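The values are calculated or read from the model by the stated rules, or taken from the named source; none is laboratory data. From a predicted model like this one, the values you see are computed outputs, not experimental measurements. Cβ placement follows ideal geometry from the backbone for every residue including glycine, while neighbour counts extend to all protein chains displayed. In case anyone asks, the SASA skips ligands and DNA or RNA and just uses the protein heavy atoms, side chains included. Shrake-Rupley method; radii C 1.70, N 1.55, O 1.52, S 1.80 Å.
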Amino acid sequence: METIENLINNYYYFVAMVLFVIGFHTMLTHSNLIKKVIGMNIMDTSIFLFFVAIGYVHDGRAPIFLNGVEDHAYVHPLPSALILTGIVVAVSVTAYALSLIVKLYEHYGTVDADEIALIRSREDS
Amino acid sequence: MEAMLYEMLPLWVSLFPIFMSVVIFAVSKRSEKMRNGLSIGTAVVTFFSVAAMYPSIAGGGVIEYTIFNILPGLGVSIRLDILSFSLAVLASFVWMLVSIYSIDYMSHEHGGDRYYPILIFTLGSCLGIFMAGDFFTLFIFFELMSLISYVLVIHEETPAALRAGYKYLIMTIIGGLALFFAIIITFELSGTVSLSAGTLITEPGTLPFLAFLSFLIGFGMKAGMFPLHVWLPDAHPVAPSPASALLSGIMLKTGAYGLLRVLFQVFNIPLIQEARWDLMLGILAVITIILGSAVAITQEDLKRRLAYSSVGQMGYVILGMALLTERALVGDVFHIFSHAIMKSTLFLAAGAIIWKTGLRNVNDLKGIGKQMPVTMGAFTVAALAMIGIPPLNGFLSKWTLSLGALEAGLPIYVVVLLISSLLNGLYYLPIIIAAFFGGEEHEHGHGHEHGHEEKEFALNVDEASYGMIIPVAILGLSCLVFGLMPGNVAFELSIKAAHFLITMGTP
Amino acid sequence: MSNHIPVLIIVLVLGASFSIPLVARWRKTLIFPAAVTPLAISFGLSLYLFYLVGQQGAFSYHLGEWEPPWGIELYVDYLGAYMIMVLSSISLPVLVFASRDIHHDIREEVVSWYYTLYLLLIGSMMGIALTNDLFNLFVFVEISAIAACGIISIKEDRKCIEASFKYLILSALGSGCVLLAVAMIYMITGYLNFDYVAATMTEALSLYPYNILIALSLLIVGFGVKSALFPLHVWLPDAHSSAPSPSSAVLSGLVIKIYAVALVKMLFRVFPTAIYEVVPVLDIVLFLSVLAVVFGSIFAMVQDDIKRMLAYSSIAQIGYVFMGIGLFGDRALVGGLLHIFNHAMMKAMLFLAAGMIIYATGIRRIKDLKGIGVRMPLTMAAFTIGAFAMVGIPGTSGFISKWFLALGALDLGRPFYVAIILLSSLLNGIYYFPIVVNAFFGSKIEPHPEHKDVPASMLIPILLLAAGVIFFGFFPGPLLDLLEQAISF
């Protein structure tokens, strides 16, 4: 009972973990290269969600001061700032990965990893 | 000033040849004569330098100093004592003669540009092993010598040579790694691996046993001890004969030298006896002796027969070590001397025969004695010494070993020595007899009446050239001189060395 | 002025990497000097860093003068200075080699981008070495991941692209794990600065043991994937063997090591060391390192292509570093860290020698390398020295690191690992020595009309590295002294 209560209270983290595992699994098991990239994005996004959720304060407001510091809970701004950086990193990795996929498609004519392996082994033999 | 000169000599005798080998390599592109001359010159200078070191250690003195430290507690150091001197003088003496022999032998072979520098380099590293003041320095030179002599082994570059070389290389690496293991355990247990620090390991235990075992594997592999001898019968025959002489004659002895240092300076006599390691050594020695001698009988290739004979003879050396008494050690060190001289004679003589006739099979050598009398004469003397016929040096060493065995209360070893002498006879005597009294029925050619049939060698060859005969003859005479004769320098040195070792090994 | 040296080193290299394309537009001949100068300067500065740390002890540098925990801090201690020295000293000769070698592997238009990526990689690795902030670490890790994949895929041939893609995906996996670990640590301590985290971690341990455990495991998996710890090494053989040779040299020599150092920093400075007595994390690392050492060598033995063999050998050698970490004794750790430098030198030299052979003769298969020693004696001599160093023959630097690892294992009363080290040395010999033997003895290679000559600009780096291997085999003293101080966390 207590576990379920904890899970519901911390559902951000729970969802983030589920997404992480989904992304991780997709990256490793799907043979379509673009799906791998999508899986990587899901995984990265889940971690960003996790991080930002750490900074969330219940009933908190965005940390913008208009008239001096007010006596109210503010959401911690640091994780959001960090995650902006993280998102940029994820975007650049995605861009790079997609460009590699374009090149692979040019060479092999397919974006399926298993088919590429098959073509490779046929050529090598 | 004089003292400093004497101090530099040990360093000089190992570094000078190494340096000269580079010079020889550079010179070999220009002039063959200069290359040969420099090689012989280096070997001769080295021998006299080694001989000049005698006054330093004559009275039991020891020269030791550290050159530099690589790691805390681990450095390169030099040590000259009676044992190092004995082996160094032996090595440089034989090396000198082999270099002279090589000139004529290699004149018809290829790869001389590679052979001479490596020959001299190996001399330097071999002397470095003897001059080493701690196990780390010994290890460096040991690895250096083993790896560089690989080139000598595969010199002919035939598939058989490459195969033998590969086996040699793998076993060398294994031996080297075992030595590494042993040295590091010693370092861990005692904080130093210097030869001047007294007994390094004093208590028995698992780690000391591991160290002993690894030392045994490392040095025993080099010395051709059963069961690590398997590289020897392949590697020694495929090398060119002067190199075989050095491999069998001297380089095996570096393993024995290492074992002597281990037994008496890493451990001590009571410890070895308490842990019953001497029994283990003894058993291995006996197996080596019997195995080497027995298998040699079955070998038809002359050099292979000599290689197996080396295995058996090194068994004697290990046996002497296992006995742990002073007299046995005298026999031990003296046998190192004798075997080096005997085996070099045999290999050089065999080399001359093979060079002249192109035949290696024992059965084809009937009647060669008449056509190459000096060569076969030296061969005979050395073979008889191997068997142990008085008054030759082989007899003296076996006699001393037997006395040592009796002194230690282990007469079984005397029986083993006798059996192996018998086996030695079984494989040497047929060669000698066939060489002098064998030969095919052959129609002698011009200059004699027809129908006058003499037994002689199938081919018509002359005696080997002077450059080859003289070293062989000198070595053969040494077998006689260092036997039961007054003024036996080698024996005197052995007595002193044995006394020194016993003193080091007794707490 | 001296205060800004830490960040100057990183900024110099990163700034140069961005300016190279501009220089390329301006004047092509200036590309190489523009790339080499910052590296050379940073090498000089790294030696100055040693001097500074020796004088005043480890010091911190606050970026933008913002105090931690608000600002990013760079912490310069012996370990950081050591890694900067390793990075700059090895990347310099490789860059010199690359200036000549790269032209036949990649298109002319992208040559300047190669330098950019190279400098970016080195700069980001320097950042990893010096940073004291968790998220900063992550950012630099990501930069180096992209740059590392970049210098492989710049060759644009199908094997490269495929290998680079695999590396990227697995690397992203690793980065994801690392980021999640950072998130976990942030969650329980509220700080991102190493020192602050370490201070609060001890009390957090009692409150949130599971989080710390998960963070630890994620870190090991994450950094393990990136530094090719067995069994997470699967990307390495393809990536390192298909890349252009200077890239392979840097990848094998430096990139996989810096992640191991990052792991060391995290394991020993961030997490309380008391944790390792309770959780067998280091034992797991040790076990995996043993597998790496043995299986890396076994796989290397059956390889046909020389660069693939060298790549598998790298897997085995990084196992030594992890063995040093896993054993967690003083001397073992020193041995492992020293092996970082030694292996960087050896492996870079070996890859450059292989690259030289491929450049001059186009031969990649080991079987076809017969007699090459006659044609290229100096290159093969360097290769031989590298082979000796890999096996651990005394007189080479490889022996010293193995000696320390073995001593460290014995210190802890675990002689089994000494046996493993020796076994792997034997296996190393089995696959290195036949190449050396075949190169010099055996049959001869006929001069081929297409064989190019060996240019000096490619030969000198190889010989320099070979000289370094021998030099540090005889005089490792200074390195060992500073490493012994480096591990006093």
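Note on exposure: C:158, A:61 ranked by accessible area (1.4 Å probe, complete protein assembly) read A:61, C:158, with the most exposed listed first.
Dipole magnitude for segment A:8-125: about 80 debye, using +1 per Lys or Arg Cβ and -1 per Asp or Glu Cβ, origin at the Cα centre.
Cα axis of helix B:135-153 to longest principal axis of chain B: angle in degrees, 0 to 90, nearest 10? Approximately 20 degrees, to the nearest ten. Projecting the Cα positions of C:311, C:366, C:349 onto the charge dipole of segment C:284-489 (unit charges on Cβ atoms of Lys, Arg, Asp and Glu, taken about the Cα centre) puts C:366 furthest along the positive direction. Applying 0.36 nm per residue to the separation of residue B:23 and residue B:67 and subtracting their alpha-carbon distance, the gain on full extension is 13.4 nm.
Around residue C:160, under 10 Å between beta carbons, what's the net of Lys plus Arg minus Asp minus Glu among the other residues? That works out to -1. Extending 7 Å from the Cα toward the beta-carbon at both residue B:34 and residue A:87 defines two label points whose distance is 7.8 nm.
Taken residue by residue and averaged, Cβ atoms of other chains lying within 10 Å of the Cβ of A:77-85 number 3. In square angstrom and rounded to 100, what buried accessible area do you get between chains A and C, total over both, with the probe at 1.4 Å? In total, chains A and C hide about 3200 Å² from solvent. Straight Cα distances below 21 angstrom link residue B:222 to the lysines B:167, B:253, B:303, B:343, with same-chain residues fewer than 8 positions distant left out.
For chain B, give the percent of accessible area contributed by carbon and sulfur heavy atoms, probe 1.4 Å, rounded to a whole number. C and S atoms contribute 68 percent here. Simple spin-label estimate for residue B:4 and residue B:422 gives 6.3 nm between the two label positions (7 Å along the Cα-to-Cβ direction from each Cα).
How much net charge surrounds residue B:349 when only the other residues with a Cβ under 14 Å from the Cβ of residue B:349 are counted, with Lys and Arg +1 and Asp and Glu -1?
Details: positive: B:303, B:305, B:343, B:356, B:360; negative: B:104, B:463.
So the surrounding residues net to +3.
For segment B:159-176, a decrease in accessible area of 10 Å² or greater in the assembled protein chains relative to the isolated chain, with a 1.4 Å probe, applies to B:162, B:166, B:169, B:170, B:173, B:174.
With the charge dipole of chain C set up from +1 on Lys and Arg Cβ and -1 on Asp and Glu Cβ about the Cα centre, the Cα lying farthest toward the positive end among the listed residues C:21, C:125, C:84 is that of C:21. The count of lysine pairs in segment C:284-489 with alpha-carbon distances below 15 Å, taking only pairs 8 or more places apart or on different chains, stands at 4. Between 0 and 90 degrees, the angle of helix A:33-55 with respect to the longest Cα principal axis of chain A falls at about 10 degrees.
This model, with +1 at the C-beta of Lys and Arg and -1 at the C-beta of Asp and Glu, gives the protein assembly as shown a dipole about its Cα centre of some 1380 debye. Give me the distance between the Cα centres of segment C:36-59 and segment C:362-402, rounded to whole Å. Result: 32 Å between the Cα centres. Note on surface exposure: B:372, B:485 rank B:485, B:372 by accessible area, highest first, 1.4 Å probe.
Against the main long axis of the alpha-carbon atoms of chain B, helix B:489-505 sits at an angle near 30°.
The mean number of partner chain beta-carbon atoms within 10 angstrom of a residue's beta-carbon across peptide A:43-50 is 4. When +1 charges are put on Lys and Arg Cβ atoms and -1 charges on Asp and Glu Cβ atoms, the dipole computed for segment C:284-489 relative to its Cα centre reaches about 420 debye.
Relative contact order for segment C:284-489: what is it in percent, counting Cα pairs under 8 Å that are at least 6 residues apart? For segment C:284-489, the relative contact order is 28 percent.
Taking 28 Å as the limit for the C-alpha separation, the pairs A:36/C:265; A:35/C:226; C:159/C:226; B:33/B:356 exceed it in the case of A:36/C:265. Peptide C:206-219 has a mean of 0 when you count, residue by residue, the C-beta atoms of other protein chains within 10 Å of its C-beta.
With a 1.4 Å probe and all protein chains left in place, how much accessible area per residue does the protein assembly as shown have, in Å²?
On the way: 40010 Å² over 1121 residues.
On a per-residue basis, the protein assembly as shown sits at 36 Å².
Of the chymotrypsin sites (Phe, Trp or Tyr not before Pro) found in segment A:1-91, the ones in coil according to DSSP and having at most 11 other Cβ atoms within 10 Å of their Cβ are A:65.
Each peptide among B:169-177, B:155-163 gets the average number of other Cβ atoms lying within 10 Å of its residues, and from highest to lowest they stand as B:169-177, B:155-163. Placing C:252, B:196 in order of accessible area, with the largest value first and a 1.4 Å probe, yields B:196, C:252.
Take every DSSP beta bridge whose two residues both sit in the protein assembly as shown, then give the antiparallel share in percent to the nearest 5.
95 percent
Among residues other than residue B:396 whose Cβ falls under 13 Å from its Cβ, what is the net charge (Lys/Arg +1, Asp/Glu -1)? Neighbour charge sum, excluding residue B:396 itself: 0.
Only one residue of B:148, B:430, B:211 has its Cα farthest out toward the positive end of the dipole of chain B, where Lys and Arg carry +1 and Asp and Glu -1 on Cβ, and that residue is B:211. With a cut-off of 19 Å on the backbone N, the residues of segment A:15-55 near the modelled label site 7 Å out from residue A:105 along Cα-Cβ are A:30-41. Remark on segment B:1-112: ratio of C-alpha radius of gyration to 2.2 N^0.38 Å is 1.25.
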